[in-house]
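Trainee: Got a structure for you, questions after.
Every read-out reported here was derived from the displayed coordinates using simple, explicitly stated rules and does not represent laboratory data. The structure presented is a predicted model; accordingly, all values stated were derived computationally and were not measured. All Cβ positions, glycine included, derive from the backbone under ideal geometry; neighbour counts span all protein chains shown.
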Amino acid sequence: MHKFLDNRNVLGLLFMLPAAALLLMFLTYPLGLGLWLGFTDARIGRAGHWVGLENFESLLGDALARLSLFNTLFYTVVASVVKFMLGLWLAMLLNRSLPCKAFLRAVVLLPFIVPTALSAIAFWWIYDAQFSVVSWAFARMGVIDHYINFLGDPWMARMSVIIANVWRGVPFVAICLLAGLQTISPSLYEAASLDGATEWQKFRYVTLPMLTPIIAVVMTFSVLFTFTDFQLIYVLTRGGPLNATHLMATLSFQRAIPGGNLGEGAALAIAMVPFLLAAILFSYFGLQRRAWQQGGGDK
Amino acid sequence: MTERTEDTRGMDYLESLPRRWVTLYLPLGGFLFVLLFPFYWMTMTSFKPDAELLSRDANPFWIQHPTIAHFEKLLFHTSYPEWMWNTIIVSVVATFVSLIASVFAAYAIERLRFRGSKSVGMAIFLAYLVPPSILFIPLAAIVVELGLFDTRWALMLTYPTFLIPFCTWLLMGYFRSIPYELEECALIDGATRWQILTKIILPLAVPGLISAGIFAFTLSWNEFIYALTFISSSEVKTVPVGVVTELVEGDVYHWGALMAGALLGSLPVAVLYSFFVEYYVAGLTGGVKE
């Protein structure tokens, strides 16, 4: 018995058991089941029948599904780009010598750790059509003469949810990039200064290349979270006005759970996968190339 | 990391004070203002009487007549305390289940190096990239089939699906940093694998365990889509879902109570986080750096 347990293959299997059981049951199996559901006409409480590509065909012809794809891409691209730029800027500010640096860093991360659904409610109140504090402040300053309809107009609503998403995502990007900045040796900057590099050149030719691997990973996660975002939209607009903020995740929820059409919801979820894979592969290969350029070995 | 601040930018003293204000303090102040304003606003709103909330004339940034009526309403006239209790119990159980499963898995992958451990490690990382919003539909079907629909078990058993991959990945990194020699010595002295794990590896990996635990706890506390889909009765809801679905009924929004609910629901994670900031940041950046 003892001998048997000393075998690393047996013991390894035994140690893997709890994690493997949970993940196979609630991750791998549902992934497969989701794929299957996407090709059936399953409804809540009724097992589905195989319908082939019917769900995907109807989604292609569905103007709302196409709009949700556009919304998702727009939301992801704009929010990710803004998050990256602001996050990098904030990280570089926090990397300078500052009083109470540890405290500042802790405070900056707050938007990321509180429940998104709850901070989204705060944004909902800030965006209120009649009592928005932002409108109040602008009106007092004389910038606007009537209150802004943040969530009532399609493009305004798209921008408003993007701002809320950026607010939540910037701390994550900034803190991760800050960790990357702290690993860059100061001697590189000293050498660059001695060679007469300007601030911009130091940023362009020292900071950016040294940071690329971490940027790739952080942005992959950021894109992944943004593309599959659900709760922010669900709380702020439920996809409105005129479905202008419906993302693929919220539409898939609406079709599957309140709508009861599991098959179509699952098909929408499957339709998200190629985009996610593309984002992951893009950053993975971007990352590898940079590692090689910096003289790092192949893994 | 903080000790190094002195020499990271050794030439900062060359910068004139006005320039420092424009390039550093002003933008930083702007960031802090925007990032913290929603919290300030939540707090202000939750202590304001309704009359003040709905008046356009009063200065909205301050409270004239603070009141705790919204908190009273929340705690004694809604199911809020139950939601709080559900969130706590679900988060604690999910976190502990995930931590235990992850410790064994990470140790097996990183140290036992059984046949196929490399690919299992890779699979764990890939599992980490599967977003809940593409899993919730089939998971809902499974939860119904298992008879777990509308119970806390549905959440306690599904949360580990996104916690275990993260915790395992993080702990693998920690275990890797513990020298092999320690284990070899113990093996030569006749220790069993179980003794090695509990007496040598775990005590050395305590910071990693705390990081993973804090991270897992905040992730479970913040989880929304599974809790929204798998739960329908008010008495088993979690705080985020309860506040969003039950306090937002009707045409008249009770902003005071909503903000009080958001504030109370955010406080536990914020307080916990403030005690373990360093561990949390280590977990966050550790997960990204690997």
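Trainee: For A:Arg66 and B:Ala58, FRET efficiency with R0 = 35 Å and r from the beta-carbon atoms, rounded to 0.05? Walk me through the numbers on the way to the answer.
Mentor: Details: r = 46 Å, r/R0 = 1.32.
Once rounded, the FRET efficiency stands at 0.15.
Trainee: For chain B, modelled as a Gaussian network with Cα springs under 10 Å, which listed residue fluctuates most, B:Gly265, B:Gly256, B:Gly190?
Mentor: B:Gly190
Trainee: Could you give the angle, 0 to 90 degrees to the nearest 10, between helix B:277-289's Cα long axis and the longest principal axis of the Cα atoms of chain B?
Mentor: 60 degrees
Trainee: How would you rank A:Val166, B:Val206, going from fewest to most other Cβ atoms within 10 Å of each one's own Cβ?
Mentor: B:Val206, A:Val166
Trainee: Run the simple label-point estimate for A:Met85 and B:Val92 please: 7 Å along Cα→C-beta, distance reported in nm.
Mentor: 4.7 nm
Trainee: So if we plug the beta-carbon distance of B:Leu204 and B:Leu129 into 1/(1 + (r/R0)^6) with R0 = 25 Å, what FRET efficiency do we get, rounded to 0.05?
Mentor: 0.30
Trainee: For A:Ile280 and A:Gln130, compute 0.36 nm times the residue count separating them, minus their Cα-Cα distance, and round to one decimal in nm.
Mentor: Once the chain is fully extended between A:Ile280 and A:Gln130, it gains 49.8 nm.
Trainee: Taking H as built 1.01 Å from N, whose amide H comes closer than 5 Å to the amide H of A:Thr40, not counting residues under 5 places away?
Mentor: Answer set, sorted by chain and number: A:Val51.
Trainee: Between A:Phe203 and B:Leu26, how many nm apart are label points set 7 Å from Cα along the C-beta direction?
Mentor: Once both label points are built, they end up 1.5 nm from each other.
Trainee: Between A:Thr183 and A:Leu73, 0.36 nm times their residue separation minus their Cα-Cα distance comes to what?
Mentor: 36.3 nm
Trainee: Follow-up question, since we're still on this one. By the gyration tensor of its Cα atoms, with a ≥ b ≥ c the square roots of the eigenvalues, what is the shape of the stretch A:46-184: rounded for a/c under 1.5, prolate for a/b over b/c, or oblate?
Mentor: On the way: a/c = 2.50, a/b = 1.36, b/c = 1.84.
In terms of gyration-tensor shape, oblate.
Trainee: Which shape class applies to the stretch A:53-293: rounded if a/c is under 1.5, otherwise prolate when a/b exceeds b/c and oblate if not, where a ≥ b ≥ c are the square roots of the Cα gyration tensor eigenvalues?
Mentor: In terms of gyration-tensor shape, oblate.
Trainee: Once you average over the residues of B:34-43, how many Cβ atoms of partner chains fall within 10 Å of each Cβ?
Mentor: 6
Trainee: Answer with one residue from B:Gly173, B:Tyr128, B:Ala186: the one whose Cα lies farthest towards the positive end of the charge dipole of the stretch B:109-198, charges on Cβ with Lys, Arg +1 and Asp, Glu -1.
Mentor: Positive-most Cα among the choices belongs to B:Tyr128.
Trainee: Still on this model: Summing -39500 (n - 2.57) over the DSSP H runs of n ≥ 4 in the protein assembly as shown and dividing by its residue number, what mean residue ellipticity at 222 nm do you reach, to the nearest 500 deg cm²/dmol? Walk me through the numbers before you get to the answer.
Mentor: Details: 32 runs with 399 residues, N = 589.
That comes out to -21000 deg cm²/dmol.
Trainee: Under a Cβ-Cβ cut-off of 14 Å, what is the net charge of the residues other than B:Ala69 that fall near it, where Lys and Arg count +1 and Asp and Glu count -1?
Mentor: -1
Trainee: Using each residue's phi in the stretch B:43-59, evaluate 6.51 cos²θ - 1.76 cosθ + 1.60 at θ = phi - 60° and report the 3J(HN,Hα) Karplus result to the nearest Hz, with x for Gly and Pro.
Mentor: 5, 4, 4, 6, 9, 8, x, 3, 4, 6, 4, 9, 10, 8, 8, 5, 5
Trainee: From the phi of every residue in the stretch A:89-102, what ³J(HN,Hα) in whole Hz does the Karplus formula 6.51 cos²θ - 1.76 cosθ + 1.60 yield, where θ is phi - 60° and glycine or proline is x?
Mentor: Result, ordered by residue: 4, 4, 4, 5, 5, 6, 7, 7, 6, 9, x, 6, 4, 4 Hz.
Trainee: Now a separate question. Treat each spin label as a single point 7 Å out from the Cα along the C-beta direction, and report the A:Met156 to B:Leu17 distance in nm.
Mentor: Each label point lies 7 Å from its Cα, and together they span 4.5 nm.
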